[in-house]
1. State which residue pairs qualify: first residue farther than 19 Å from Gln91 by Cα and inside the range 40-52, second residue of a type in the set (Val, Ile, Thr) in any location, beta carbons under 8 Å apart, and separation of 6 or more residues or different chains.
2. Among the residues of the range 18-42, write down those that are at pLDDT 90 or above, crowded, with 16+ Cβ neighbours inside 10 Å and out of contact with any Phe, Trp or Tyr (no Cβ under 8 Å at 6 or more places or on another chain).
3. Go through Thr95, Thr76, Thr45 for me and flag whichever is surrounded by 13 or more Cβ atoms within 10 Å (Cβ to Cβ) and either on the phi > 0 side of the Ramachandran plot or β-branched (Val, Ile, Thr) (or both).
4. List pairs: first residue in the range 4-16 and under 15 Å from Thr95 (Cα atoms) and at pLDDT 95 or above, second residue part of a loop (DSSP other than H, G, I, E, B) and not aliphatic (A, V, I, L, M) anywhere in the structure, Cβ distance under 7 angstrom, at least six positions apart or on different chains.
5. Residues to consider are Thr27, Thr22, Thr59; find the one that is of a type outside the set (Gly, Ala, Ser), more than 20 Å from Glu9 (Cα to Cα) and out of contact with any strand residue (DSSP E or B) (no Cβ under 8 Å at 6 or more places or on another chain).
6. Looking only at residues in the range 143-179 that are open to solvent by 60 Å² or more (accessible area, probe 1.4 Å), of a type in the set (Asp, Glu) and modelled with pLDDT of 70 or more, which one is nearest to Thr130 (Cα to Cα)?
7. Only one of (1) farther than 16 Å from Glu111 by Cβ; (2) surrounded by 16 or more Cβ atoms within 10 Å (Cβ to Cβ) is not met by Asn56, so which one is it?
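The values are calculated or read from the model by the stated rules, or taken from the named source; none is laboratory data. Predicted, not measured: the structure shown is a model, and the values here were computed from it. Note: ideal-geometry Cβ built from the backbone for every residue, glycine included; neighbour counts use all protein chains shown. For the accessible areas, the whole protein counts, side chains as well, though only heavy atoms, and no ligand, DNA or RNA atoms are used. Shrake-Rupley method; radii C 1.70, N 1.55, O 1.52, S 1.80 Å.
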Amino acid sequence: KSNMKKKTEPLATYIMTNYVQTTKSDTAAGQYITIISAFKNFLDTKGIDNHLASMNFHTLKAYQDYMCDEDPKRVTTINNKIGMIKHFLKQISKTKQYDYKYSDSELDDLESIPDIRSKWDKRSKQVSLTEEQIYTLYNLSNLTAEEEEYKDLFILQCWTGQRVSDLLKLFDRTYYLDENTISYKNKKTREDVSVKLDTYGYQIKDILKKYANNQFHYIDLNLLGEALDTL
């Protein structure tokens, strides 16, 4: 019975690819398909069964170890890839279209890789922008529509300093805005947060108005927020 099901059921990576193609924008889907393709190459190389029944803790742990052996310094990238695949499988499980239960996969037991780099190594990767540089970015005009969305989101993060899960609140109108502050309730701690609007406040207001009600065409904020919260 198990063998018959495998013959009729599409490959797990095909199901994941179909999921992102039917639920995400073309640009976002292309980025996610790259992640799925790399995962498929790993399964093929290692001879691991590419069906939903094999999408469990042991398979993704093996993939995690494989990527660590390839490049142990890319901790964030590795954690992001594993997090995305887990997210796709969880969403597929919710559709109940296939005989796959995410709750039985033990994937939530797979922990992210700790970053063991020294403080000096971490700081060497950090770049601080000056206010003048942020203003320069804000005023750029020779950008594509997709680049414009990423630029605006980046500017908003620079001026508010909020985690992505809280940044989502600034696009679903669950905040209070006056002349001097933006206020909302923190998602993680449930505490009230107030961000003071200084001389750059007009930039924040312009961006919020521009993308009111999450009117992005290239950025999937909901998926980005859920994936990063999981990590």
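1. Phe42/Ile48; Leu43/Thr13; Leu43/Thr59; Ile48/Thr59
2. Ile33, Ile35, Lys40
3. Selected residue: Thr76, the only one of Thr95, Thr76, Thr45 that is surrounded by 13 or more Cβ atoms within 10 Å (Cβ to Cβ) and either on the phi > 0 side of the Ramachandran plot or β-branched (Val, Ile, Thr) (or both).
4. These pairs meet every condition: Ala12/Asn50; Ala12/His51; Ile15/Tyr98.
5. Only one candidate passes the filter, namely Thr27.
6. Here the residue is Glu147.
7. (1)
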